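Step one of this worksheet: look at the structure below.
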Amino acid sequence: MSNTTNRIVVVGASLAGARAVHSVRAAGHDGPLTLIGAEPHLPYDRPPLSKEFLTGDQEPGSLALDPDGAYHDLDVEVMLSTHAVGLDVAARTVAVAPAAGGSAETVPFDGLVIATGAAARSLPGTEGIRGVHTLRTVDDAQAIREGLDAGARVAVVGGGFIGSEVAASAKARGCEVTVIEAAPAPLMRGLGAEMGTQVGALHGQNGVELRLGVGVDGVLGADRVEAVAMADGSRVEADVVVVGIGVVPNTAWLEGSGLQIDNGVVCDEMLCCGPPGVYAVGDVARAPNGWLGPLRGSEPVRVEHWTAAVEHGMAVGRNLVAPGEAQPYNSVPFVWSDQYDARIQIAGHPDADDEVDVLVGSGRSFLAGYRRNGRLSAVMALDAIRPFVRFRRLLASHPSWDDALELAATLG
C-alpha cells in the first residue's frame with residue numbers, strides 16, 4: 001500500500017480522532033502522526049458520562065479508550081490542553097494555542113483529520129450561576145455528580161437521550177427529579193411522537209416527574225440556582241439543573257479556511273472536505289451515508305452516534321493513507337440508550353413522517369418498525385435485544401415492509 005502523505009495531524013482527541021489515529025497506523029502510515037486535543041485528558045469514552053459515571057465513583061482515567069502507553073507505542077505526538085484556532089489550507093498548517101492562554105503556533109500537515117466534535121448548547125442567561133450544568137466532558141460529569149446527593153432536587157431541561165439518561169442516574173442516587181421537555185413527548189427527535197411517548201413513560205414508572213409541552217424562560221437564583229422558570233408562569237424548584245438541549249458542532253476555528261461549513265463540516269462520500277488530504281469525522285462531520293441513499297439520496301447528514309464516530313475514524317484512516325483505494329462511507333445507523341433498568345436500541349433512520357407499528361412483543365419488551373414508501377426505514381427496540389439484532393442485520397439489505405413482516409412472523 002502506497003503512503004502518499006508525510007505528516008498527518010488529527011485535530012480532536014475524541015473517539016473519532018482516536019480511531020482515526022489507530023486506522024492511520026493500521027493502514028501503513030509510518031511517518032509523523034500528531035493528535036491535538038483541547039481537553040487535558042487522553043481520548044475517553046463519553047457514553048458512560050450520563051450513566052454509570054454519574055451513579056458510581058469512577059475516576060476519569062477509568063474511561064480511557066486506550067491502555068497506558070498506547071500512543072507512545074503507536075509513535076504518536078500528543079498535544080493536550082491545546083485548542084485549534086485556525087486552519088490555512090493553502091499553507092497546510094493548523095494554528096493552535098494553549099488552553100491556559102499563551103501564544104499561538106502553527107502545526108504543519110500533509111494530511112489532516114478534523115475530529116473536533118460538538119459543544120453542548122447552554123441556556124442563555126445561566127452563565128456564572130452555580131448548580132447549572134451541561135454535560136459533554138468528563139469534567140462536566142464530575143461537577144454534576146458532586147451535586148447529586150440523596151434528596152437533592154434535580155431539574156433536567158430536555159427530554160432527549162442525554163437528558164433522559166441523566167434523569168435516570170439522578171434518580172438512582174436518590175434525587176427528586178423532574179424532566180422538562182418543550183415538545184409533546186420526550187425523544188421525539190430520535191423516535192417520533194408515538195414511540196417517544198411509550199419510552200418516555202419510563203420516567204413516570206420510575207418516580208420521575210415529566211413536564212411536557214412547556215418551554216423554559218430561564219433559571220432563578222442570584223449566585224446559585226433555586227428554580228427553573230417555566231414559560232407558563234410556574235416554577236420547578238431545583239438545587240441542580242442539567243441542560244440537555246442538543247449540541248453545536250465545533251467549527252468556529254475553521255472560519256476563513258475555505259471549507260464548507262453548514263451544521264458541521266460538509267464532506268463528500270469519502271468524508272473528504274474538498275481539499276486533497278483534508279477529512280472530517282464524528283459529530284463535526286456532515287457527510288453522505290451510502291446506506292441512506294434509497295431513503296434520502298446523497299444528502300449529507302450529521303450524526304452524533306458513538307458507532308458513527310468509530311466507523312468514520314476507521315474509514316478516514318484508510319482513505320487518507322491510500323486515497324486511490326478510498327471507499328465511501330456506507331453503514332446502517334445505530335444508537336442505544338440505557339435508562340433506569342431498560343435498554344433502548346435504534347437502527348436505521350426513523351423520521352417523523354414514518355408510519356410506526358409494533359412488530360414483535362408488547363408492553364415493556366417490544367420492537368417497533370418504521371415504514372417509509374413501502375420500505376423498512378428503521379427499528380426501535382425496548383428490552384428486545386435478540387429481535388433487534390436480527391432486524392439490524394436485515395436493514396443492511398434495504399428490506400421492504402413485507403420483508404420486515406416476514407421476519408417478525410418467524411420471531412413471533
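Bear in mind these aren't lab numbers, they're just calculated from the coordinates by the rules spelled out. Every value quoted in this text rests on a predicted model; they were computed, and no experiment measured them. With ideal geometry, Cβ positions are generated from the backbone for all residues, glycine too; neighbour counts draw on all protein chains shown.
Per-structure values
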{"quantity": "Rh (Kirkwood; distinct C-alpha pairs) - region 70-146, Å", "calculated": "15.6"}
{"quantity": "Computed [θ] at 222 nm, deg cm²/dmol, the chain (DSSP H ≥ 4; -39,500 (n - 2.57); rounded to nearest 500)", "calculated": "-7500 deg cm²/dmol"}
{"quantity": "Cα gyration tensor, region 22-115 - rounded (a/c under 1.5), prolate or oblate", "calculated": "oblate"}
{"quantity": "Fully extended contour minus Cα-Cα distance, from N263 to E127, at 0.36 nm per residue", "calculated": "46.5 nm"}
{"quantity": "Using distinct alpha-carbon pairs, which all enter the 1/r mean, Kirkwood radius of region 218-355 in Å", "calculated": "17.9"}
{"quantity": "Ranked by how many other beta carbons lie within 10 Å on average, peptides 292-298, 245-251 from highest", "calculated": "245-251, 292-298"}
{"quantity": "Peptides 382-389, 116-123, 145-152 ordered by average Cβ neighbours within 10 Å, highest first", "calculated": "116-123, 382-389, 145-152"}
{"quantity": "S365/S103 FRET efficiency (R0 60 Å; Cβ-Cβ; nearest 0.05)", "calculated": "0.55"}
{"quantity": "For the chain, the fraction of alpha-carbon pairs in successive 20 Å shells from zero, as %", "calculated": "26, 55, 20, 0"}
{"quantity": "For region 341-411, the spread of Cα positions along each principal axis, largest first, Å", "calculated": "34, 27, 19"}
{"quantity": "Gap separating the Cα centres of region 298-333 and region 337-412, nearest whole Å", "calculated": "24"}
{"quantity": "Rounded Å value of the spacing that divides the Cα centres of region 220-253 and region 74-141", "calculated": "24"}
{"quantity": "Region 152-276: C-alpha pair distances exceeding 23 Å, %", "calculated": "44"}
{"quantity": "Kirkwood hydrodynamic radius of region 253-322, Cα pairs, Å", "calculated": "12.3"}
{"quantity": "Gained length - S62 relative to S81, 0.36 nm times residue gap less alpha-carbon distance", "calculated": "4.9 nm"}
